[in-house]
Amino acid sequence: MADRHNISTAETTFAAESSGSMGVLTVRGTLDFTTHESATEFFDKAFAQFGPHLVVNLLGLDFLDSRATGLLVTCWKRALDDGGWLGLVAVEQGAARALWITGLASHVPIFPTVADALAAAPSPDAG
């Protein structure tokens, strides 16, 4: 994988890399109102670099609040509106459990591993 960019705060680490024509974004730590501005900047840069073809790995989250959940919904809608696809990588436990509690998991595609998300992603050329 190539084309990496990283942003870190005291509690949160954001990393991005390419896998073929997809951007693979990894968020570790806390995703809440205190990191919202950094997270928004990170996702904006990811859309600029990779376009609307993204996998967001949330397996390393310690905390996810409602504002951050809203940001994930915004990114998902942005990817769809731009003719792309966004899949999340998460399991129904810990911080990411909020995705199931809020019902988001029934709308946004969620996978247990990055490899599963990449395998399920439609080809960007097919759009």
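The values are calculated or read from the model by the stated rules, or taken from the named source; none is laboratory data. Everything numeric in this text was worked out from a predicted model, so none of it was measured. Note that each Cβ is placed from the backbone with ideal geometry, even for glycine, and that neighbours are counted across all protein chains shown.
Remarks
- Subset of region 107-127 [in a helix (DSSP H, G or I) and either under 20 Å from Leu59 (Cβ atoms) or in contact with a Leu (Cβ under 6 Å, 6 or more places away or on another chain) (or both)]: Val114, Ala115, Asp116, Ala117, Leu118, Ala119, Ala120
- Members of region 55-69 that are surrounded by fewer than 18 Cβ atoms within 10 Å (Cβ to Cβ), among the small types (Gly, Ala, Ser) and either under 13 Å from Leu99 (Cβ atoms) or in contact (Cβ under 8 Å) with a residue 60 or more places away in the chain (or both): Ser66
- Just one of (1) closer than 18 Å to His107 by Cα; (2) at pLDDT below 95 fails for Arg4. It is (1).
- Among the residues listed as Thr69, Thr26, the single one being among the hydroxyl-bearing types (Ser, Thr, Tyr), closer than 24 Å to Ala120 by Cβ and outside any strand (DSSP E or B): Thr69
- Filter result (charged (D, E, K, R) and part of a helix (DSSP H, G or I)) within region 37-66: Glu37, Glu41, Asp44, Lys45
- Subset tally (residues that are crowded, with 18+ Cβ neighbours inside 10 Å and at pLDDT below 60) for region 7-29: 0
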